[in-house]
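To start, the structure itself, in structure tokens.
The values are calculated or read from the model by the stated rules, or taken from the named source; none is laboratory data. Nothing here was measured: the structure is a model prediction, and the numbers come from that model. Because the Cβ atoms are built from the backbone with ideal geometry, glycine has one as well, and the counts that use them run over all protein chains shown. In case anyone asks, the SASA skips ligands and DNA or RNA and just uses the protein heavy atoms, side chains included. Shrake-Rupley method; radii C 1.70, N 1.55, O 1.52, S 1.80 Å.
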Amino acid sequence: MKRNILIPALLWVTVAASAQLINPMGEKIYDSRVSLVDEFIKRFNHDNPSPHAPELDAAEAKVADIVQLFNGANFSSADDPLMQIAVDFARDAVASGVRLDYADSTWYARATCHGSYRKKPVEFNLIMRVEPRSAGSDMYRWALCGVEGELFDLVPEETGSGFVVLPDDHETNFMSLTDMTESQTESIRLYASDKAKVDSFTAFMAMVYGGQLKIDYVKPLEFTFTQIPGWEFTIRFFEREELNSGWLIDSIIRK
């Protein structure tokens, strides 16, 4: 019974702290804020344990540390069903013995990029993962590995049946290709074979390579971790003058 009562109670402390401003407690807020992703990883791994009530054993203390890394604003009360899911996740994470590691390839960043394409404002997501700089290297980098956004689907601006290379164009050395690349650039996909597939990541690389796509800034930014068996969770940054702030678990998925 002790485990079932204590852990939700500890989470409710986090919920209560997130529900009010604590301006006079500047130093405590600073100590509680998870300012860096590396700091989140250390706290999740219990490398920087928090002080807990003496009645908590070592395993429960680890569970409590993970529970306190949740965004408390997502829980309405101590009886919120989402709270029990959070506790279940924390227990499974501790029981698995899995440690989060920067060099692990099973986590990734999703950066919402704001910029311009052909000088028009655009927004899209860039997916990045950590990988060695070279084979066998102990030095790492964030590598681009995917994009999300309608921009890269090359959706035609126009529709109709007139966007074709005519069946006898081979007799004129395909002269219509000149017009296609001069005035029909936004409809290029209509000229493609029905079997052709648009590779969004290749489209992104080509747009950047040609100097047409530029990134001005990234906001927001989130990181998704898939290391814990049976779970996937995402952390986001919460800027607020509260104990429960910084990089926190904002969503979890039970697989």
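The table below gives the values:
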item: Estimated inter-spin distance, M128 and T159, nm [label 7 Å along Cα→Cβ]; result: 3.8
item: FRET efficiency, D31 to L221 (Cβ-Cβ, R0 25 Å, nearest 0.05); result: 0.60
item: Modelled label reach - K42, point 7 Å along Cα→Cβ, region 94-116 residues with backbone N closer than 20 Å; result: 98-104
item: Net lengthening on full extension, K197/T106 (0.36 nm per residue, minus Cα-Cα); result: 30.0 nm
item: Per residue solvent-accessible surface (Å²) - region 138-229, probe of 1.4 Å; result: 72
item: Exposed chymotrypsin sites (Phe, Trp or Tyr not before Pro) absent - longest run of the chain, DSSP non-H/G/I/E/B, at most 12 other C-beta within 10 Å; result: 1-101
item: Pairwise FRET efficiency - S251 versus K119, Cβ, R0 = 35 Å, nearest 0.05; result: 0.50
item: Fraction of accessible area attributable to carbon and sulfur, the chain (%, probe 1.4 Å); result: 54
item: For V122, residues with placed amide H under 5 Å, excluding near neighbours; result: G115, S116, Y117
item: Longest segment of the chain lacking GluC sites (Glu not before Pro) that sit in a DSSP loop with at most 16 other Cβ atoms within 10 Å; result: 56-156
item: DSSP-defined beta bridges in the chain - what % are antiparallel, rounded to 5; result: 95
item: FRET efficiency, T185 to R141 (Cβ-Cβ, R0 30 Å, nearest 0.05); result: 0.35
item: Potential lengthening between V208 and D80 on full extension [0.36 nm per residue; Cα-Cα distance subtracted]; result: 41.5 nm
